[in-house]
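Every number here is computed from the coordinates shown, using simple stated rules; none is lab data. Since the structure is predicted, the reported quantities are computational estimates derived from the model, not experimental observations. Cβ sites come from the backbone with ideal geometry, for glycine too, and all protein chains shown count toward neighbours.
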Amino acid sequence: MSLAQGFRRIGYWSNYSGLSVLPPEMLYTKPPNRSSANQRLYSVIWPGQTTQRPRGWVFPNNGRQLKIGVPNRVSYREFVSQVEGTDMFKGYCIDVFTAALNLLPYAVPCKLIPFGDGSNNPSSTELVHLITTGVYDAAIGDIAIITNRTRIVDFTQPYVESGLVVVAKVRRLNSSAWAFLRPFTPMMWGVTAIFFLIVGAVVWILEHRINDEFRGPPKKQVVTILWESKNPSLLSFAIENKEFIDMKWFSLSTLFFAHKENTISTLGRVVLIIWLFVVLIINSSYTASLTSILTVQQLSSSIKGIETLISSKDPIGYQQGQEFTKAGWGFAFPRDSPLAIDMSTAILKLSENGDLQRIHDKWLMSSACTSQSTTFEVDRLQLKSFWGLFAICGFACLLALLVYLIMMVRQFSRHYSDDVESSGSSSGSKRIQTFLTFVDEKEVDVKNRSKRRQMEKASNRSVGEDESTNGSKKRYTESCSSKSLDKGEEA
């Protein structure tokens, strides 16, 4: 049909055959056929003598421009902002609106008008309300679709799905050949290595007098170490200093609990038990930290969500208006505006062909958040986390050495006091030298030598008694013989 020039028949309708281009009288002579393939009509001639269906709302060439209100934002200007010195606007929302207009089959003349003083962010609710009063024909920008606003205006399809998120840097580790050193700080590594040497030396001191597996003169070891630094032959050093290597190997093997040397003394066992406990904690912490570093992408922010903010009760600002806005953003138009429907269809096309995502990446991905991961410093385990363990171990070593020193002084005074007094030398250097020799000497040898001395003293004492007895007998015999001679002379 054509309303401008009368009417034009495009078909017939009947209960017998449905829609058809033939009159019903002609169809009555045939069997009824209501299949979809048989439902035919002539093409509709629309105003303008065209068969293309009109969109329903076309702007005349001589019509006025639409006044589009745009918020003149102060912050987050990547969404929408006015170009200084001009009446033009730029931003994510502007590019989406322009791309949607270009997809419409008709031209929409419009003019963007700033809303706000430029000193503070304007209220989106006030901007939407001005559409109902006729000040603006539409509004674009970061306008959230909420219930109160949908009652007075029509919104397009959301072009941004808004919600609550926590933005944090994604930290990725660059692979490195020295990644195994990252769990501990250099200070932690240094103190741990020093304690390995200290514990090894303490256990050696406590055990070397009574345990054959820890034997070796310390003077020779120290001298040979200094000499080995200038000697290219490492094999000769290992052969001549097997005891020293065994002592250091014992200390390092405790890291894997693979030490084969058995401790005999009570003090040595106490020190070793405490040290093995420290090694267990350090080893477990190292393994856990290294696993976390190599397998987990750690977030630099400790905030995991809104629940974290609520539980921490930290001051994060103040609340104004509704608590949270989880609706999307859309363009606002007057109620029953056909342009809102066409713009919604255009926004869906932008989303389907990928243009909406490209606009998003242009404005928001490069400036606000970057997809490139940033390098970061690992949260290494520091010495302050383990200083208590090292303090306990160090105190145990000092206490064990103090008790051991007291025991050695008592044994030295018991076994060597007579020799020092008999030698007639009471100088301090001589006593210290003798004491160090005694401490380095094997305890079994000291006991055997002490027994020999006691036996020698006993034998010397018995020989002296025999000599005194023989002397008494001799004097008695001589006195008796002298008396007999005197009696003979008198006779």
Among 115-128, 68-81, the order from most to least packed when residues are scored by Cβ within 10 Å on average: 68-81, 115-128
Virtual spin-label span in nm between F7 and N102, 7 Å along Cα→Cβ: 4.6 nm
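Between T437 and S385, what FRET efficiency follows from the Cβ-Cβ distance if R0 is 51 Å, with the result rounded to 0.05? The partial results should precede the final answer.
Values: r = 44 Å, r/R0 = 0.85.
It comes out at approximately 0.70.
Take the Cβ-Cβ distance between E307 and L66 as r, set R0 to 45 Å, and report the resulting FRET efficiency rounded to the nearest 0.05.
Details: r = 45 Å, r/R0 = 1.00.
It comes out at approximately 0.50.
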Distance in nm between pseudo-label sites at K349 and R452 (7 Å out along the Cβ direction from Cα): 11.2 nm
Projected label distance in nm at M187 and V83, using a 7 Å step from Cα toward the beta-carbon: 5.6 nm
Under-5 Å amide H pairs with F89, H placed in peptide plane, nonlocal only: V83
Other-chain or far-sequence residues with amide H under 5 Å of C110's (modelled H): L66
Long-range amide H partners of F115 with built H, under 5 Å: V70, N72
Cβ-Cβ FRET estimate between L41 and S292, R0 fixed at 56 Å, reported to 0.05: 0.20
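Would you mind working out the magnitude of the charge dipole of region 62-161 relative to its Cα centre, with +1 at each Lys and Arg C-beta and -1 at each Asp and Glu C-beta, to the nearest 20 Debye? Present the calculation step by step, with values, prior to reporting the outcome.
Details: 8 positive and 10 negative charges, 44 e Å.
Roughly 220 debye, rounded to the nearest 20.
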